[in-house]
Amino acid sequence: MAAELSTSINIKEPRWDQSTFVGRAKHFFTVTDPRNILLTNEQLAHAHKIITDYREGIVSPGLTEDELWRAKYVFDSAFHPDTGEKMILIGRMSAQVPMNMTITGCMMTFYKTTPAVLFWQWINQSFNAIVNYTNRSGDAPITVGQLGTAYVSATTGAVATALGLNALTKHVSPLIGRFVPFAAVAAANCINIPLMRQRELQHGIPIMDENDNRLGESSKAAQQAISQVVVSRILMASPGMAIPPFLMNHLEKKAFLKVTHHFRFLFFSLVFATPLCCALFPQKSSMSVSRLEPELQEKIRANHPGVERVYFNKGL
């Protein structure tokens, strides 16, 4: 008879070493696996029960270590790490590949007219707003009014940027014009992400010591977290938007082949680009206490004199 699984496995942390890029990549290949969006509510509830029971020292009969880790990643794919709430389906990282493939493909195909640019940039920025809200850092609630204001500001600013860049295509070659969607997406990420997460910048995000003891909230930590996410998102979009212009320009007269090859390339590039770019920075980011707000530094040094670094969830 098999021995019961030990309750000493640390499932608060990822399965692989997060101090290395390879370890983070393995983690995010699991987190962003598109197959996770096909999981049923029953499967999610089952994984939720396994993980919540295990955290309380209860091991499901016959549970193996591999099954525990599978349950953890199913759990992590659907439930927010700070709030514990079930995330919006299309806002989950596992939905990034199919959603971005569809939206990016349409932006790269329908870029010549203002109505098309306006529509697809609005769709893209609405999707990004959902993703940015769903994967925010921290557990403080946000009101409907704050969320609505952030959404309108983010999408308006991003779409206006895209339209401004699109106007420049009239004065450049068709090949250069095909890069406008990427430039627009890069610029829009710099607008959308900070605006959708502006509450973090205003009020701070939770910071912890190495033992996960909460020390306070920091706006400086939020600035670092959001800047890392902006860089990751821009690089995440680059393979699928910076290379296809050459491919599409070559296949311009072969409409069917152009669309087929483009979407196929987008799929494969996003499957790899999404987890690899997420892995550029640790999910559990950190910074020196000396870089925090002065009043927070004083509080930590007075109450926790041995703490030199703080840790926080950077969001995705």
query: Taking one equal scatterer on every alpha-carbon of segment 77-126, how large is log10 of I(q)/I(0) by Debye at q = 0.21, 0.22, 0.27 1/Å?
result: -0.73, -0.77, -0.94
- prompt: So what's the net charge close to C277: Lys and Arg +1, Asp and Glu -1, counting the other residues with Cβ under 14 Å from its Cβ?
  reply: +3
Zero-based 5 Å bins, Cα pair distances in segment 36-105, whole percents: 3, 16, 25, 22, 15, 10, 5, 3, 1, 0
query: Sorted by average packing, counted as other Cβ atoms within 10 angstrom per residue and highest first, what order do 76-89, 189-202 take?
result: 189-202, 76-89
message: Out of the total accessible area of segment 33-97 (probe 1.4 Å, heavy atoms of protein only), what percent is carbon and sulfur?
response: 56
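Rank-order 299-309, 276-286, 125-135 by packing density, defined as the average count of other C-beta atoms within 10 Å over each peptide's residues, highest first. Walk me through the numbers before you get to the answer.
Details: 299-309: 12.6, 276-286: 19.3, 125-135: 22.1.
The densest-packed peptide leads the list: 125-135, 276-286, 299-309.
Using the structure shown, select from K49/K299; K72/K299; K72/K220; K12/K86 the pairs with a Cα to Cα distance greater than 28 angstrom.
Numbers: K49/K299 38 Å; K72/K299 35 Å; K72/K220 30 Å; K12/K86 17 Å.
Going by Cα-Cα distance, K49/K299; K72/K299; K72/K220 fall outside the 28 Å limit.
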query: Mind checking the dipole of segment 1-107: about its Cα centre, +1 per Lys or Arg Cβ, -1 per Asp or Glu Cβ, Debye to the nearest 20?
result: 320
query: With every protein chain in place, what's the accessible area of T113 (1.4 Å probe, Å², nearest 10)?
result: 70
- request: Calculate I(q)/I(0) for segment 1-127 by the Debye formula, one identical point scatterer on each C-alpha and no solvent, and give its log10 at q = 0.10, 0.12 Å⁻¹ to two decimals.
  value: -0.43, -0.58
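The values are calculated or read from the model by the stated rules, or taken from the named source; none is laboratory data. What you see is a predicted model, and the numbers here were worked out from it, not measured in a lab. Because the Cβ atoms are built from the backbone with ideal geometry, glycine has one as well, and the counts that use them run over all protein chains shown. The protein model used for the area step is the full one, side chains on, heavy atoms only, and it has no ligands, DNA or RNA in it. Shrake-Rupley method; radii C 1.70, N 1.55, O 1.52, S 1.80 Å.
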